[in-house]
Amino acid sequence: MIGRCCLRPVETLRPLSGLEANTADMMETGAQLILKRSSLAHAGFDDYDVLCEGELVGRIYFTGDTSPRARAWLWALAYGYREDRTPTHGHEPTREAAMAAFAKTWRQQ
């Protein structure tokens, strides 16, 4: 499954540092993207932070739209990691599809 190989879910919570990491270095080393429940998850939200080498580089969350044709999962690159990448955000029907779309944009050079 493409989503699984691109982002690895992690279910623990911990504080995250800022966005100081060098994006080019992260891409050159083939750093793995990790999906981690955000601090909003405790409030009942399906909300995930996307990490690369411990740095917050994006977010994936469920918008709550449950209609049959909904593209209810939003993914977005964090500010500071958007240069030379398009699209910078999007909507997908499943979390796995959002993970794959995020990873595809992230790996652009």
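Scanning the stretch 88-109 for residues that are farther than 14 Å from CYS52 by Cα and modelled with pLDDT under 90, we see that the one that is surrounded by the fewest Cβ atoms within 10 Å (Cβ to Cβ) is GLN109. Residues in the stretch 80-109 that are assigned to a loop (DSSP other than H, G, I, E, B) and among the small types (Gly, Ala, Ser): 1 in all.
Can you name every residue in the stretch 28-44 that is over 15 Å from the mean Cα position of the chain (by Cα) and either outside any loop (DSSP other than H, G, I, E, B) or modelled with pLDDT of 70 or more (or both)? Within the stretch 28-44, GLU28, HIS42, ALA43, GLY44 qualify. Each residue in the stretch 48-64 was checked for being more than 14 Å from HIS91 (Cα to Cα) and part of a loop (DSSP other than H, G, I, E, B), and 2 of them qualify. Of everything in the stretch 65-79 that is part of a loop (DSSP other than H, G, I, E, B) and out of contact with any Pro (no Cβ under 9 Å at 6 or more places or on another chain), the residue that is surrounded by the fewest Cβ atoms within 10 Å (Cβ to Cβ) is PRO68. Whenever a residue of the stretch 69-83 is in contact (Cβ under 8 Å) with a residue 60 or more places away in the chain and more than 15 Å from SER38 (Cα to Cα), its partners that are assigned to a loop (DSSP other than H, G, I, E, B) and aliphatic (A, V, I, L, M), lying with C-beta atoms within less than 6 angstrom and at least six residues away or across chains, give the pairs GLY80/LEU19. Based on what the data block shows, is GLU92 of a type in the set (Asp, Glu) and over 15 Å from the mean Cα position of the chain (by Cα)? Against the criterion (of a type in the set (Asp, Glu) and over 15 Å from the mean Cα position of the chain (by Cα)), GLU92 does not qualify. Taking the stretch 65-78 as the range and being within 15 Å of ALA100 (Cβ to Cβ) and either within 15 Å of the chain's Cα centre (by Cα) or of a type in the set (A, V, I, L, M) (or both) as the test, the residues that pass are TRP73, LEU74, TRP75, ALA76, LEU77. Does the stretch 13-23 contain any residue that is surrounded by 13 or more Cβ atoms within 10 Å (Cβ to Cβ) and at pLDDT 50 or above? Looking through the stretch 13-23, none of the residues is surrounded by 13 or more Cβ atoms within 10 Å (Cβ to Cβ) and at pLDDT 50 or above. Would you confirm whether any residue within the stretch 49-64 is buried (at least 19 other Cβ atoms within 10 Å of the Cβ), over 15 Å from MET99 (Cβ atoms) and touching a helix residue (DSSP H, G or I) at 6+ places or on another chain (Cβ under 9 Å)? Checking the stretch 49-64: at least one residue is buried (at least 19 other Cβ atoms within 10 Å of the Cβ), over 15 Å from MET99 (Cβ atoms) and touching a helix residue (DSSP H, G or I) at 6+ places or on another chain (Cβ under 9 Å).
The values are calculated or read from the model by the stated rules, or taken from the named source; none is laboratory data. All values reported here derive from a predicted model rather than from experimental measurement. No Cβ is skipped: glycine too gets one built from the backbone with ideal geometry, and neighbour counts run over all protein chains shown.
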